[in-house]
Amino acid sequence: MPIQINTSVKGKEYAPYRVSVERGKIKEFARAIGDLSPLYLDDAVAAAGPWGDIIAPPTFPITFRDEGADTGVLLRDLGVDIGRILHGEQEFEHFKPIRPGQTYLCRNRVTDIYEKAGKSGPMAFVIRETTVTDADNDIVAVMRGTTVVRL
Amino acid sequence: MQYAKVYAEDVQVGSEMPPLVKPPIEQIQLTRYAGASGDFNPIHQDATFAKAAGMGDVFAHGMLSMGFVAQSVTDWFGVGTVRKVGVRFAALVRLGDVVTCRGKVVAKRPSKDGDGPSLVDLELWAENQKGEKVITGKATAALISRG
């Protein structure tokens with residue numbers, strides 16, 4: 001018997017939240033992936049590079065979480081247990097480098113929810129978009145993620 | 001906003017990315033990635049939980065494999081060149097799997113103002129040791145000219 005999810009979450013905008021990028025978190029993230037570029041890890045090398053400091057790897061904005069707008073909150077809103085979800089798709093657009101010591105504002109909303117028959121049974125697809133802006137109010141990055149719920 | 005490793009003149013439609021072969025996936029890497037990313041879903045850490053959820057065993061965060069794919073682009077073109085990267089997670093990556101990231105250039109466009117970097121579109125994929133695609137995707141990178 002498939003579970004029901006609360007599709008009224010479609011269109012919901014979560015409260016904007018701020019994240020401060022820590023130098024050590026950039027390095028921890030790059031090392032966890034096994035990407036050992038000195039432009040992520042070595043302050044001295046990066047100081048002489050094009051940005052004068054280290055920058056974050058392309059998928060780093062996935063760490064921009066907030067207890068008020070994270071996957072746990074989404075799952076509660078949908079009425080879904082964490083064991084039922086899979087990551088379906090993910091996209092990042094980058095407009096400016098993400099730098100240590102900067103504070104960014106994140107706006108996260110649920111742009112779409114739809115259901116479809118999958119190979120292993122009925123699935124729901126939940127699309128979220130997060131826009132990241134900097135202190136100048138410039139868009140730094142946009143991320144779009146699809147969470148798949150096994151119904 | 002880039003640190004050129006490869007210039008726009010160096011790649012053409014059809015140019016192939018040097019494959020990036022990652023070491024076999026170990027549990028400790030999934031634990032490190034959980035800490036680094038903040039994704040503590042027990043399905044990546046706890047085999048009992050993963051079995052109870054019907055997934056057989058733990059599997060890697062999709063975002064870890066996407067990190068590999070993004071690295072394959074920056075290893076080739078240079079850090080800071082990625083303007084857009086998008087993937088579909090096609091199959092689960094399990095403990096012991098060896099992920100190889102591959103790609104090729106599918107388009108090259110001059111910058112709109114004629115003065116900025118060229119935009120290079122890539123088709124990307126990652127496969128496991130059996131040759132099964134675990135990720136398919138695309139990226140757009142900005143490459144400057146030799147000038």
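Consider the range B:53-62 and keep the residues that are free of Cβ contacts under 8 Å to residues at least 24 places away in the same chain and loosely packed, with under 15 Cβ neighbours inside 10 Å. The one that is farthest from B:L92 (Cα to Cα) is B:G54. For B:A53, indicate whether it is within 8 Å of chain A (Cβ to nearest Cβ) and under 29 Å from A:V149 (Cβ atoms). Criteria met by B:A53.
Tell me which residues, restricted to the range A:47-90, are among the aliphatic types (A, V, I, L, M), assigned to a loop (DSSP other than H, G, I, E, B) and out of contact with any helix residue (DSSP H, G or I) (no Cβ under 7 Å at 6 or more places or on another chain).
Of all residues in the range A:47-90, those among the aliphatic types (A, V, I, L, M) come to A:47-48, A:54-56, A:62, A:69, A:73-75, A:78, A:80, A:82, A:85-86.
Checking which are assigned to a loop (DSSP other than H, G, I, E, B) leaves us with A:48, A:54-56, A:69, A:80.
Answer for the range A:47-90, where residues must be among the aliphatic types (A, V, I, L, M), assigned to a loop (DSSP other than H, G, I, E, B) and out of contact with any helix residue (DSSP H, G or I) (no Cβ under 7 Å at 6 or more places or on another chain): A:A48, A:A69, A:V80.
A Cβ distance below 8 Å, combined with a sequence gap of six or more or placement on separate chains, defines the contacts here; from the range A:35-51, residues that are without any contact (Cβ under 8 Å) to a residue 60 or more places away in the chain and surrounded by fewer than 15 Cβ atoms within 10 Å (Cβ to Cβ) reach residues that are assigned to a loop (DSSP other than H, G, I, E, B) and aliphatic (A, V, I, L, M) in the pairs A:D43/A:I54.
Note on the range B:28-49: residues that are part of a helix (DSSP H, G or I) and over 11 Å from B:M63 (Cα atoms) total 12.
Considering (1) closer than 22 Å to B:P24 by Cα; (2) surrounded by fewer than 22 Cβ atoms within 10 Å (Cβ to Cβ); (3) out of contact with any Asp or Glu (no Cβ under 6 Å at 6 or more places or on another chain), the lone condition that B:A70 does not fulfil carries the number (2). Of all the numbered requirements in (1) modelled with pLDDT under 95; (2) under 16 Å from the mean Cα position of the chain (by Cα); (3) more than 13 Å from chain B (Cβ to nearest Cβ); (4) under 30 Å from A:M1 (Cα atoms), A:K116 misses one, and that requirement is (2).
Being modelled with pLDDT under 95 and farther than 30 Å from B:G147 by Cα: is that true of B:A53 here? Let's see the steps before the verdict.
On the way: modelled with pLDDT under 95: yes; farther than 30 Å from B:G147 by Cα: yes.
Against the criterion (modelled with pLDDT under 95 and farther than 30 Å from B:G147 by Cα), B:A53 qualifies.
Considering B:S37, B:S15, which residue is farther than 21 Å from A:G72 by Cβ and among the hydroxyl-bearing types (S, T, Y)?
Details: B:S37 fails: farther than 21 Å from A:G72 by Cβ.
Just a single option satisfies the conditions, and that option is B:S15.
Taken together, the residues in the range B:91-147 that are modelled with pLDDT under 95, basic (K, R) and touching a strand residue (DSSP E or B) at 6+ places or on another chain (Cβ under 7 Å) amount to 1.
Residue by residue, here is whether (1) out of contact with any His (no Cβ under 8 Å at 6 or more places or on another chain); (2) crowded, with 18+ Cβ neighbours inside 10 Å; (3) at pLDDT below 95 holds:
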site: A:I62; (1), (2), (3): yes, yes, no
site: A:L75; (1), (2), (3): yes, yes, yes
site: A:R107; (1), (2), (3): yes, no, no
site: A:V110; (1), (2), (3): yes, yes, no
site: A:T130; (1), (2), (3): yes, yes, no
site: A:A141; (1), (2), (3): no, yes, no
site: A:G145; (1), (2), (3): no, yes, no
site: A:R150; (1), (2), (3): yes, yes, yes
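Would you please name the residue that is surrounded by the fewest Cβ atoms within 10 Å (Cβ to Cβ), looking only at residues in the range B:77-97 that are in contact (Cβ under 8 Å) with a residue 60 or more places away in the chain and under 17 Å from B:D57 (Cα atoms)? So the residue we want is B:G96. In the set B:A34, B:A8, B:A50, only one residue is surrounded by 19 or more Cβ atoms within 10 Å (Cβ to Cβ) and without any contact (Cβ under 8 Å) to a residue 40 or more places away in the chain; that residue is B:A50.
Does B:S118 satisfy the criteria of being of a type in the set (S, T, Y) and either within 12 Å of chain A (Cβ to nearest Cβ) or without any contact (Cβ under 8 Å) to a residue 12 or more places away in the chain (or both)? I'd like the intermediate steps shown before the answer.
Numbers: of a type in the set (S, T, Y): yes; either within 12 Å of chain A (Cβ to nearest Cβ) or without any contact (Cβ under 8 Å) to a residue 12 or more places away in the chain (or both): no.
Answer is no for this residue.
Looking for something within 13 Å of chain A (Cβ to nearest Cβ), crowded, with 17+ Cβ neighbours inside 10 Å, within 19 Å of B:K5 (Cα to Cα) and basic (K, R) - is there at least one such residue anywhere in the range B:101-113? Checked against the condition, which is being within 13 Å of chain A (Cβ to nearest Cβ), crowded, with 17+ Cβ neighbours inside 10 Å, within 19 Å of B:K5 (Cα to Cα) and basic (K, R), the range B:101-113 yields no hits at all.
Among the residues of the range B:75-116, those identified as assigned to a strand (DSSP E or B), over 22 Å from B:Q45 (Cα atoms) and among the hydrophobic types (A, V, I, L, M, F, W, C) are B:V82, B:V85, B:V87, B:C101, B:V105, B:V106, B:A107. Given the conditions (1) farther than 30 Å from A:R150 by Cβ; (2) touching a Phe, Trp or Tyr at 6+ places or on another chain (Cβ under 7 Å); (3) charged (D, E, K, R), report the number of the one that B:D10 does not fulfil. For B:D10, the exception is condition (2).
The values are calculated or read from the model by the stated rules, or taken from the named source; none is laboratory data. This structure is a prediction, so every number in the text was calculated from the model and none was measured. Cβ sites come from the backbone with ideal geometry, for glycine too, and all protein chains shown count toward neighbours.
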